[in-house]
Amino acid sequence: MRKLFGTDGVRGKANIHPMTADMALRIGAAVGRYFRRETDTVHRVVIGKDTRLSGYMFESALTAGLTSTGMNVLLLGPVPTPAVGLMTRSMRADLGVMISASHNQAEDNGIKFFGPDGYKLSDEVELELEALIEAGVEPAQSQNIGRAKRIDDARFRYGERVKSSLPRDMRLDGLKVVIDCANGAAHRAAPEILWELGADVIPVGVSPDGVNINRGCGSTQPAVAAETVVAHGAHVGICLDGDADRVIVIDETGQIADGDQLMALLASAWAADGRLSGGALVATVMSNLGLERFLAARGIGLERTAVGDRYVVERMREGGFNLGGEQSGHIVMSDYATTGDGLMAGLHFLAEMVRQGKKASELAQQFQPVPQLLKNVRFEAGQVPLEAERVLEAISGAEAMLNGHGRLLIRKSGTEPLIRVMAECEDASLLNRAVDEVVAAVEAATA
């Protein structure tokens, strides 16, 4: 079992273990040693970050650890997470690092890694890294210490890559677009890219101050963006999170569409054009049952994975699929990117509006979701509530209750000490009873 790494890298509150400067230094040294090939060639690592105040601290600590093992560090500054994946590969780096806690508030931060191929690391590699971090590594000899250099055009390189995912003749002229950047990593890149493609851009959440990332804005708090869409008579709104790897869409009426709806649109459009590799979409166990039924009705398969966009990507690579994602808004288009890219996915929604000549409201609600209820139960360190006999009995009972009517999903969060209890069912009373009985059992086991 991994102790340090969660669903997506290392994450926690800044200046509290494991997200301390000292630990970042040790992590930097360990990953530097792991990815440094024992040859005379140049060793490179690219580091990006979002706009959190603590990002400066972790950037410096990681740089110190990495250079101590002979790695040359290329500092990208504030860029979206997908930019790090792309530039790790394009700059022939040995490793990519993104400093971000994604959609979390500013007091949190995280460190996630990309291998030389631009993809996130596997569970197996993370286990090996944990062992190195715990054991410590020998630094390089003084004459072999690495150098650090700022890369000033990272966001422009990323912007060109994002635009190139659309047909060359695709323009957004006449579209009034609200773009909410969550005061995060895409606060400059996203409005610039939309403007360059011809859109009339109304920016929201583009004034980061180090502590306001994801606060009252972005994909997890889209109310302001929705109000802005309606107030300005915009055609559509695109809401990103703090590191711009997820997106939700807001139609012209202010209605919100999640990642499932966006995946349904893209999967059906790509399948109709013969562009959907493998004839299936890859999504996690959290995606709505309504999405599965929508796809099945169109002869499109659905491959489900564990929660986490890197598990989606792993399955896509294994099966040769080119479209996948999560209900939360991570949309992965592997023909163009190595991980979820919220801005790129948003652009492809806009492209469908232009191509089909339809309003956002006609495209953003592809299917009627099956009612879904999710409740979280917090537990203390050392507790294992999912092993309690009472909890196992409650889960069996809930599964029997929903059999033929819906589905039940129980899982431990990969980023917080929470047990997540989720069920789907058209019968509201059955849905509530199934979830509540499991939640009560878990609460009793953690009391």
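Quote the relative contact order of the stretch 306-405 in percent (integer), defining contacts as alpha-carbon pairs under 8 Å separated by 6+ residues. Before the final figure, lay out each step's value.
Details: 59 pairs, mean separation 12.0, N = 100.
Answer for the stretch 306-405 is 12 percent.
For the stretch 287-375, the calculated P(r) over all alpha carbon pairs, in 5 Å bins from 0 to the bin holding the longest distance, is 3, 12, 19, 22, 25, 13, 5, 0 percent. Along its principal axes, the stretch 320-447 has C-alpha extents of 54, 34, 26 angstrom, given from the largest down.
For GluC sites (Glu not before Pro), the sites in the stretch 292-397 that DSSP calls loop and that have at most 10 other Cβ atoms within 10 Å are 380.
Given the C-alpha centroids of the stretch 56-96 and the stretch 292-320, what is the distance between them in whole angstrom? The distance from the Cα centre of the stretch 56-96 to that of the stretch 292-320 comes to 30 Å.
Taking the stretch 117-178, which trypsin sites (Lys or Arg not before Pro) meet the DSSP loop condition and have no more than 13 other C-beta atoms within 10 Å?
Numbers: sites: 120, 147, 149, 150, 155, 157, 161, 163, 168, 171, 176; in loops: 147, 168, 171.
In loop regions of the stretch 117-178 (DSSP not H, G, I, E or B), the sparsely surrounded trypsin sites (Lys or Arg not before Pro) are 147, 168.
For the chain, the solvent-accessible area with a 1.4 angstrom probe is 41 square angstrom per residue.
Cross-link partners of residue 13 among lysines, defined as those whose alpha carbon lies under 20 angstrom from its own and excluding same-chain residues fewer than eight positions apart: 3, 49, 112, 412. For a modelled paramagnetic label at residue 298, 7 Å from Cα along Cα-to-Cβ, the residues of the stretch 336-361 in reach, with backbone nitrogen under 16 Å, are 348-361.
Indicate, rounded to the nearest 5 percent, the antiparallel portion of the DSSP beta bridges found entirely in the chain. Walk me through the numbers before you get to the answer.
Working: 34 of 64 bridges.
In the chain, approximately 55 percent of DSSP beta bridges are antiparallel ones.
At a 1.4 Å probe, what is the % contribution of carbon and sulfur to the accessible area of the chain? With neighbouring chains kept in place, the figure for the chain is 50 percent.
Of all DSSP beta bridges in the stretch 169-320, what percent run antiparallel (nearest 5)?
Details: 6 of 20 bridges.
Rounded to the nearest five, the antiparallel share is 30 percent.
Given the stretch 29-185, what percent of its DSSP beta bridges are antiparallel, to the nearest 5?
Working: 5 of 19 bridges.
Once the DSSP bridges in the stretch 29-185 are tallied, antiparallel ones form about 25 percent.
Cross-link reach is defined here as a Cα-Cα straight distance under 28 Å, omitting same-chain residues fewer than 8 places apart; for residue 176 the lysines meeting it are 163, 358, 359.
The values are calculated or read from the model by the stated rules, or taken from the named source; none is laboratory data. Because the structure is a prediction, the values reported are computed rather than measured. Cβ coordinates were reconstructed from backbone atoms using ideal geometry, including for glycine residues, and neighbour counts include every protein chain displayed. Accessible surface is based on the protein model in full, side chains and every heavy atom, while ligands, DNA and RNA are left aside. Shrake-Rupley method; radii C 1.70, N 1.55, O 1.52, S 1.80 Å.
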